Amino acid sequence: MRIKKHVLARNTSYSTPYYVVESDQAGPVVMITAGIHGNEIGSIHAAQRLIDQLQGKKLRLQAGTLVLVPIVNQQAYYRRIRGKPDLNRTFPKSRRGSASHPLSKALFRLAKRYKPTWVFDLHEANGYSNLNPSVLGQSFITNKGSKAIAAVQQVKQQLNGSISGQTRKFTIVRRHKQGTFRTAAAKLLHARSVTVETSWAMPLSHRVQYQTRIAKLFLRKAGIVLHES
Ligand SMILES: [Zn+2]
């Protein structure tokens with residue numbers, strides 16, 4: 001397994017590290033992003049934990065390639081704000097269109113280069129979607145007609161089976177929001193893409209645990225062979 005650190009949006013005020021983790025065996029390419037919104041700390045910490053575990057050899061990839069961007073919007077993260085403009089409305093909306101922000105441009109170019117079969121974009125949101133369908137906390141979002149849906153249903157079932165009570169159980173939301181990384185990756189790159197949303201209503205340590213566990217469940221569903229020691 002090889003881990004290479006690179007810089008996205010190099011030589012700009014938006015520069016941020018990303019990692020390419022390659023196993024010795026062929027397998028799918030999976031992309032995980034966090035911090036498209038700078039105040040969604042649970043997802044950012046989980047992405048950082050994943051790279052720490054990989055670098056510390058507590059977690060090994062035995063097949064496939066992982067492209068991981070732990071903090072997309074460093075400036076927003078530093079200020080603990082969502083980001084202005086909302087980066088997740090600036091990704092290309094059509095084949096002829098282009099991203100309207102230097103960061104989304106750089107991230108989309110990276111995705112285009114690696115052609116991931118799967119894209120998991122980690123976020124956080126308000127409330128509990130299982131109690132209130134108008135909020136997104138504890139949900140998985142996919143696009144209508146997405147080929148990711150079978151895997152999302154399986155991960156949801158597996159995860160919810162281990163969650164006691166109704167409050168924190170995950171739901172699946174289907175929406176086609178233009179300008180998001182998920183929709184751009186699904187529509188323009190034909191990736192199976194999923195947005196993961198944990199709830200801000202929970203303590204940070206729980207959110208990080210959920211996000212880390214979900215990322216690993218999805219990596220395995222995607223065909224990335226993981227070994228934990
Ligand atoms: Zn978000």
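Odds and ends about this structure:
- Top-ranked residue in segment 116-133 [being within 11 Å of the ligand (Cβ to nearest atom) and under 11 Å from the mean Cα position of the chain (by Cα); ranked as nearest to residue 203 (Cα to Cα)]: 124
- Checklist (1) outside any helix (DSSP H, G or I); (2) among the aromatic types (Phe, Trp, Tyr); (3) open to solvent by 10 Å² or more (accessible area, probe 1.4 Å); (4) within 16 Å of the ligand (Cβ to nearest atom) applied to residue 14, failing item: (4)
- Scope segment 130-171; condition under 21 Å from residue 187 (Cα atoms) and in a loop (DSSP other than H, G, I, E, B); matching residues: 143, 144, 145, 146, 147, 148
- Only a single criterion out of (1) without any contact (Cβ under 8 Å) to a residue 60 or more places away in the chain; (2) touching a Leu at 6+ places or on another chain (Cβ under 8 Å); (3) loosely packed, with under 14 Cβ neighbours inside 10 Å is not satisfied by residue 227, namely (1).
- Segment 49-88, subset within 18 Å of residue 182 (Cβ to Cβ) and out of contact with any helix residue (DSSP H, G or I) (no Cβ under 9 Å at 6 or more places or on another chain), residue surrounded by the most Cβ atoms within 10 Å (Cβ to Cβ): 86
- Tally, over segment 134-157, of residues that are more than 14 Å from the ligand (Cβ to nearest atom) and either among the small types (Gly, Ala, Ser) or open to solvent by less than 10 Å² (accessible area, probe 1.4 Å) (or both): 10
The values are calculated or read from the model by the stated rules, or taken from the named source; none is laboratory data. Being a predicted model, the structure only gives us computed values, none of them experimental. Glycine also receives a Cβ, built like all others from the backbone with ideal geometry; neighbour counts cover every protein chain displayed. Note: areas computed on protein heavy atoms with side chains; ligands, DNA, RNA excluded. Shrake-Rupley method; radii C 1.70, N 1.55, O 1.52, S 1.80 Å.
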